[in-house]
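The values are calculated or read from the model by the stated rules, or taken from the named source; none is laboratory data. Here the structure is a predicted model, which is why all the values come from computation and not from measurement. Neighbour counts run over all protein chains shown; Cβ positions are idealised from the backbone, glycine included.
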Amino acid sequence: MSTRTRNSLLLLLSASLAQAAPQPHIPRKEGIQWGACKHETGGLPVECATLAVPLDYTNSSSDETLDLALIKYPAQNGPSKGSIMLNFGGPGQDGLNSMIAYAPIQGPITGGDHDLVSWDPRGTGQTLRFQCFEPEELGQTYLAGLPDASDVSPGKIWAEATIVAKSCGERLKDTGDLVGMAFAARDMMQIVDALGEDGMLRYWGISGGTALGSTAAALFPDRIDKVILDGVMNVHEYYHKSGETNIVESVDATFEGFIAACFENPKKCPIASLYGSADEALSAVEKLFEKLKYEPIPVFAEGSPPFLIDYSIVNSLIYSTLYRPSDYQFLSIALAALLAGDIDALVKILGSSSGVSAIPVQAEAVMGIRCGDKIPRADKLSDLDELEEEFHAMSKWFPGFARGAYVYACAQWPFEAKERYEGDFNVKTSNPILFIGNTYDPVTPLVSAQNMSAGFEGSVVLQHNGFGHLSIVQPSNCTNEIIAQYFADGTLPKEGTVCEPNVPLFGNDEELPTGGEEPEATATQEVPAPTDDAYEETPAPTAGAE
Ligand SMILES: *[C@@H]1O[C@H](CO)[C@@H](O)[C@H](O)[C@H]1NC(C)=O
Ligand SMILES: *[C@@H]1O[C@H](CO)[C@@H](O)[C@H](O)[C@H]1NC(C)=O
Ligand SMILES: *[C@@H]1O[C@H](CO)[C@@H](O)[C@H](O)[C@H]1NC(C)=O
């Protein structure tokens, strides 16, 4: 678990900009030449292409271009009724690899009548790749950032973030300001033009992809056909706050909801057999956290080097697992073992994890995009004291976010994106947007969907009454039918619509499986997690347990 868990935690915690002139919609004559993909496609019937776009949309005297790498997953039901653009979040997650992981899940939900199209956004893949260290792995040395209880760690993380920011500034001085949401939105519309359809945007953005979708809708309000923003960020905070406190708005409720669901289905959740009530279990977890801060547990396991289980690891593991209901049973078994002090059982369940086929992500892309888009900077660590207090006040269980690598690095970032959206997201789009928020999402809470919807005239929030990050992780036929209907003819659900997941957490009545078994397929969806770097990201394709 270590590298992946550590990294995902990592990230978690993962101007002066001339607004470019409004871009006319110019259908491109040359179109897009689709052909075979050069990367591993897992046998999916995808096609790839490149498309040249302006390198710098703010520089009218430059004719330099940038080649975007594109990928298409053709409509499954025959002739396409048009393309739906996808972006997989982070921001910092690539499009080419992510499409392989997500298309088989998202394609059928859209109804299968549209091509799905994505691309490697600036900063990711080979598109102005945001790589600040050579070799790339060296960057990990300075990207600590696990939530840590020690009062000396913020100073250390701040100093490490200084190294990261300065290294990026030096190494990427020619291109570091050419990434960001506004340029990515313009790139996306260049693709829409080149597709040679109706010039209108159809889009499903998940997680960090909601920041791109909101920005595109605000910059190109007249070109919006159907836009779904699912797992919504508070994009006001994305631009205007060093650390996005909305991220932790629902994380405690999600963890407490997980424990409550456990007691509703005690046969499937071993924590329920240790305590008389959810409240008792929660106080036991609180005591466990305190104890681990001062007495980490050395673990000697067969087949792996000895390792430590400490507060950071446990807190991070719980946090990152809350993204994926498909792993909740794994979490319940691991946490019960830890609470019971049964280290052998803990080692067994951790060892049963079948590994995660993570989508490759480079850590620095997350910062490259997000930090250049952020307006505030800080001269010194103490400038962030208030933000840290805000995070602590908002989350009892996971207060470590303010210390995350991106918060401290962004506060010291050397680049300002050449263009930022500077409006207030009060926008009337040509067709209304559909927002989707989960009731218990640990990182993109329902309130953020409501917040963003408030600015987009006519938009509706669909409440997906499930757990985890994104609507697809605890599937609901109700939600999926609304998505398909919206893409088919633009029908929006009535304001206030709540969709229940097909199967409640921990499934129905089956007996508890032993660790590592596949959960029943209908209960939760194994979603490709964008891995290592997920900030707001997207859950990864796990196999039951990790
Ligand atoms: C704009 O592009 C021109 C031609 O490539 C280049 O010489 C100039 O430095 C660019 N200006 C800015 C502000 O980047
Ligand atoms: C949305 O969030 C921003 C940032 O926290 C806040 O300033 C704004 O008032 C919120 N808008 C609504 C409608 O809640
Ligand atoms: C959801 O839809 C699938 C496929 O149509 C169906 O097999 C399943 O029974 C449905 N589940 C619920 C809870 O409606």
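Values as computed for the structure displayed
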| read-out | value |
| --- | --- |
| Only listed residue being at pLDDT 80 or above and among the acidic types (Asp, Glu), chosen from Asp174, Asp148 | Asp174 |
| Flag for Val164 being under 25 Å from Gly111 (Cβ atoms) and either in a helix (DSSP H, G or I) or not assigned by TED's automatic domain parsing to the domain that holds Ala488 (or both) | no |
| Members of the stretch 449-477 found to be of a type in the set (Phe, Trp, Tyr) and more than 16 Å from ligand 2 (Cβ to nearest atom), listed by number | Phe467 |
| Residue satisfying all of: in the stretch 45-59; more than 18 Å from Thr124 (Cα to Cα) and among the β-branched types (Val, Ile, Thr); farthest from ligand 2 (Cβ to nearest atom) among these | Val46 |
| Residue satisfying all of: in the stretch 17-32; surrounded by 10 or more Cβ atoms within 10 Å (Cβ to Cβ) and within 18 Å of Trp119 (Cβ to Cβ); modelled with the lowest pLDDT among these | Gln23 |
| Breaking point among (1) in contact with a Pro (Cβ under 7 Å, 6 or more places away or on another chain); (2) closer than 26 Å to Ile436 by Cβ, for Ser273 | (2) |
| Members of the stretch 427-450 that are surrounded by fewer than 22 Cβ atoms within 10 Å (Cβ to Cβ) and over 13 Å from Glu495 (Cα atoms) | Val427, Lys428, Thr429, Ser430, Asn431, Thr439, Val447 |
| Total residues in the stretch 410-448, condition over 20 Å from the mean Cα position of the chain (by Cα), within 15 Å of ligand 2 (Cβ to nearest atom) and among the hydroxyl-bearing types (Ser, Thr, Tyr) | 1 |
| Enumerated helices (runs of 4 or more DSSP H) restricted to the stretch 187-284, each holding at least 3 residues that are modelled with pLDDT of 95 or more, surrounded by fewer than 24 Cβ atoms within 10 Å (Cβ to Cβ) and within 16 Å of ligand 2 (Cβ to nearest atom) | 235-240 |
| Matching entry among Glu511, Glu537 (being in a loop (DSSP other than H, G, I, E, B) and either modelled with pLDDT of 95 or more or crowded, with 24+ Cβ neighbours inside 10 Å (or both)) | Glu537 |
| Residue selected from the stretch 479-501 under the condition surrounded by fewer than 17 Cβ atoms within 10 Å (Cβ to Cβ) and outside any helix (DSSP H, G or I), by the criterion farthest from ligand 1 (Cβ to nearest atom) | Glu500 |
| Strands (runs of 3 or more DSSP E) wholly inside the stretch 56-121 that include at least 2 residues being surrounded by fewer than 22 Cβ atoms within 10 Å (Cβ to Cβ) | 65-73 |
| Enumeration of residues in the stretch 43-55 that are part of a loop (DSSP other than H, G, I, E, B) and either closer than 15 Å to Asp94 by Cβ or touching a His at 6+ places or on another chain (Cβ under 9 Å) (or both) | Val46 |
| Residues of the stretch 60-96 that turn out to be touching a His at 6+ places or on another chain (Cβ under 7 Å) and either within 19 Å of Arg122 (Cα to Cα) or not assigned by TED's automatic domain parsing to the domain that holds Ala217 (or both), as a count | 1 |
| Meets criteria (within 16 Å of ligand 3 (Cβ to nearest atom), surrounded by 22 or more Cβ atoms within 10 Å (Cβ to Cβ) and in the same structural domain as His240 (by TED's automatic domain parsing)) for Gln474 | yes |
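Residues checked against (1) closer than 23 Å to Thr141 by Cα; (2) modelled with pLDDT of 90 or more; (3) in contact with a strand residue (DSSP E or B) (Cβ under 9 Å, 6 or more places away or on another chain):
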{"position": "Leu331", "(1), (2), (3)": "no, yes, no"}
{"position": "Leu335", "(1), (2), (3)": "no, yes, no"}
{"position": "Leu338", "(1), (2), (3)": "no, yes, yes"}
{"position": "Val356", "(1), (2), (3)": "yes, no, yes"}
{"position": "Ala363", "(1), (2), (3)": "yes, no, no"}
{"position": "Gly372", "(1), (2), (3)": "yes, yes, no"}
{"position": "Arg377", "(1), (2), (3)": "no, yes, no"}
{"position": "Asp383", "(1), (2), (3)": "no, yes, no"}
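Residues checked against (1) among the hydrophobic types (A, V, I, L, M, F, W, C); (2) touching a Lys or Arg at 6+ places or on another chain (Cβ under 6 Å); (3) farther than 26 Å from Arg202 by Cβ; (4) part of a loop (DSSP other than H, G, I, E, B):
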position: Asp383; (1), (2), (3), (4): no, no, yes, no
position: Glu386; (1), (2), (3), (4): no, no, yes, no
position: Gly400; (1), (2), (3), (4): no, no, yes, no
position: Val407; (1), (2), (3), (4): yes, no, yes, no
position: Phe415; (1), (2), (3), (4): yes, no, yes, yes
position: Met452; (1), (2), (3), (4): yes, no, no, no
position: Gly466; (1), (2), (3), (4): no, no, no, no
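This table checks each residue for (1) among the acidic types (Asp, Glu); (2) farther than 20 Å from Ile349 by Cα.
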site: Thr254; (1), (2): no, yes
site: Gly257; (1), (2): no, yes
site: Lys268; (1), (2): no, no
site: Leu274; (1), (2): no, no
site: Glu280; (1), (2): yes, yes
site: Pro298; (1), (2): no, no
site: Glu302; (1), (2): yes, no
site: Pro306; (1), (2): no, no
site: Thr321; (1), (2): no, no
